[in-house]
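Novice: I am attaching a structure below and will ask some questions about it afterwards.
The values are calculated or read from the model by the stated rules, or taken from the named source; none is laboratory data. Note that the coordinates shown come from a computational prediction; the quantities given were computed from them, not determined experimentally. Note that we place each Cβ from the backbone using ideal geometry, even for glycine, and neighbour counts take in every protein chain shown. In case anyone asks, the SASA skips ligands and DNA or RNA and just uses the protein heavy atoms, side chains included. Shrake-Rupley method; radii C 1.70, N 1.55, O 1.52, S 1.80 Å.
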Amino acid sequence: MRFHGVACNARLGDLKDEEQKMSEKIPLLIDTDPGVDDALALLMAFNDARHDIVGLTIAAGNVGLQHTVRNALKLCEVAGRDDIPVFAGAPAPLLHPSPDAGYVHGQDGFGDVGFPPAARRAEAEHAALAILRLSHEHAGQLVLVALGPLTNVALALKLDPTLPQRIARFVVMGGAVTCHGNITPAAEFNFYFDPEAAHLVLEAFDRYDLADWEATIAHGLHHERVAAWLRADSARARFYDRISEKTRSWSADRRGDHWFAADALAMAFVLAPEGARELAQRPLAIELQGAHARGASIVDWRREGGQPDKANILLRYDQDRFEALIEAALAAG
Ligand code: BDR
Ligand code: CA
């Protein structure tokens with residue numbers, strides 16, 4: 001009897017452990033350069049019940065680091081998420097200076113609407129060090145997503161090349177997998193901004209998920225539908241409406257009926273990977289030289305070079321699911 005009781009208690013204990021595991025959230029670390037589409041991706045992550053955001057590490061990219069840090073802090077404040085620590089990273093690419101994308105996102109990265117700065121400041125710890133520390137604190141569990149140039153992740157890797165061993169899943173927004181770029185004919189912005197960082201990082205990981213610019217183009221958001229979502233009665237929607245207005249009209253003038261939110265698609269893939277409808281695994285290299293193709297992501301579609309299939313490339317995602325995640329994120333209070 002006594003032994004039976006002990007066995008029962010042990011089984012109850014196992015069940016409790018199992019329940020606790022099931023209710024545990026997935027730790028999520030977001031490296032980002034906000035940026036209007038970064039902001040939408042962050043709102044999606046803020047609204048997700050299955051993930052726990054353990055930090056935002058901030059890169060320079062869309063605009064200078066002082067703006068991207070300021071924007072991340074402001075978005076957290078507006079969304080009531082001042083519990084999420086924000087870490088400033090590298091102010092410039094590893095090797096070569098690069099032009100920003102202020103003409104798309106506004107010179108301040110958030111549509112130049114003149115919002116007052118957030119009350120909070122960034123943490124004292126550097127983003128690269130925060131990435132390493134959090135990778136230890138959540139070893140084997142951490143999902144790392146990079147929505148900007150890969151400078152901070154490259155610095156972290158240089159300090160500690162064992163980083164990939166502790167990352168459960170690495171998702172990258174970057175590249176143009178058949179070289180239909182957005183910043184040059186062949187290259188996508190995030191990889192073009194810091195090609196050396198992209199090269200170092202993508203070489204270091206044995207496997208990563210990639211949401212590229214061409215997947216973004218295949219998952220456009222109709223402007224009228226976006227406008228309807230932005231009429232939601234929430235502080236998040238009101239703020240997002242203001243900061244995205246300029247870039248949405250810039251896009252409508254040049255790209256037609258649909259708006260393209262690259263980082264939002266990457267975040268849908270992070271939060272709900274089961275929404276992926278078509279994926280391809282291939283070797284991928286970053287072009288570091290070249291008069292026309294610096295920063296291009298060269299996918300070995302025919303596997304001619306004998307390199308491993310490291311990139312898990314998102315080709316098609318459930319559009320309804322993608323849009324539902326955005327709509328809910330904007331409406332959330
Ligand atoms: C990427 O570049 C940036 O402008 C966006 O924020 C996104 O991360 C798209 O090429
Ligand atoms: Ca970005």
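Novice: Count, please, the residues in segment 249-264 that happen to be part of a helix (DSSP H, G or I) and within 20 Å of the chain's Cα centre (by Cα).
Specialist: Result for segment 249-264: 3.
Novice: Further question on the same structure: Can you find a residue that is closer than 16 Å to Asp100 by Cα, surrounded by 24 or more Cβ atoms within 10 Å (Cβ to Cβ) and under 11 Å from the mean Cα position of the chain (by Cα) anywhere in segment 38-53?
Specialist: yes
Novice: Out of the residues in segment 155-194 that are within 16 Å of ligand 2 (Cβ to nearest atom) and among the small types (Gly, Ala, Ser), which is nearest to Ala39 (Cα to Cα)?
Specialist: So, considering only residues that are within 16 Å of ligand 2 (Cβ to nearest atom) and among the small types (Gly, Ala, Ser), the one nearest to Ala39 (Cα to Cα) is Gly174.
Novice: Consider segment 148-169. How many of its residues are open to solvent by 10 Å² or more (accessible area, probe 1.4 Å) and within 16 Å of ligand 1 (Cβ to nearest atom)?
Specialist: Qualifying residue count for the region: 0.
Novice: For segment 195-208, enumerate the residues that are away from ligand 2 (no atom under 16 Å from the Cβ) and hydrophobic (A, V, I, L, M, F, W, C).
Specialist: Within segment 195-208, Leu200, Leu202, Ala204, Phe205 qualify.
Novice: Just the residues that are part of a helix (DSSP H, G or I) and either at positive phi or touching a strand residue (DSSP E or B) at 6+ places or on another chain (Cβ under 8 Å) (or both), please, taken from segment 265-284.
Specialist: Leu265, Ala266, Met267, Ala268, Phe269, Val270, Leu271, Pro273, Gly275
Novice: Continuing with the same structure: When residues of segment 202-223 are filtered for being of a type in the set (A, V, I, L, M, F, W, C), surrounded by 20 or more Cβ atoms within 10 Å (Cβ to Cβ) and within 14 Å of ligand 1 (Cβ to nearest atom), how many remain?
Specialist: Going through segment 202-223 one residue at a time, the tally reaches 4.
Novice: May I ask you to list pairs of residues, at least six apart or on different chains, whose Cβ atoms are under 6 Å apart, with the first in segment 253-277 being within 13 Å of ligand 1 (Cβ to nearest atom) and of a type in the set (D, E, K, R) and the second being in a helix (DSSP H, G or I) and open to solvent by less than 30 Å² (accessible area, probe 1.4 Å)?
Specialist: Correct list of pairs: Asp263/Asp37; Asp263/Asp38; Asp263/Ala41.
Novice: Does segment 286-294 include one or more residues that are more than 21 Å from Ala187 (Cβ to Cβ) and more than 20 Å from the chain's Cα centre (by Cα)?
Specialist: no
Novice: Are any residues in segment 99-137 of a type in the set (S, T, N, Q) and surrounded by 19 or more Cβ atoms within 10 Å (Cβ to Cβ), and if so, which ones?
Specialist: Hit for segment 99-137 is Ser135, nothing else.
Novice: Residue pairs, Cβ under 8 Å, 6 or more apart or interchain, first in segment 148-160 and among the charged types (D, E, K, R), second open to solvent by 30 Å² or more (accessible area, probe 1.4 Å). List them.
Specialist: Lys158/Leu200
Novice: Could you please give the count of residues in segment 170-201 that are hydrophobic (A, V, I, L, M, F, W, C), assigned to a helix (DSSP H, G or I) and surrounded by fewer than 24 Cβ atoms within 10 Å (Cβ to Cβ)?
Specialist: Of the residues in segment 170-201, 1 are hydrophobic (A, V, I, L, M, F, W, C), assigned to a helix (DSSP H, G or I) and surrounded by fewer than 24 Cβ atoms within 10 Å (Cβ to Cβ).
Novice: If the requirement is being within 16 Å of ligand 1 (Cβ to nearest atom) and in contact (Cβ under 8 Å) with a residue 40 or more places away in the chain, which of these qualifies: Val113, Val145?
Specialist: Val145
Novice: Just checking, does segment 312-325 include any residue being without any contact (Cβ under 8 Å) to a residue 40 or more places away in the chain, of a type outside the set (Asp, Glu) and assigned to a helix (DSSP H, G or I)?
Specialist: Checked segment 312-325: at least one residue is without any contact (Cβ under 8 Å) to a residue 40 or more places away in the chain, of a type outside the set (Asp, Glu) and assigned to a helix (DSSP H, G or I).
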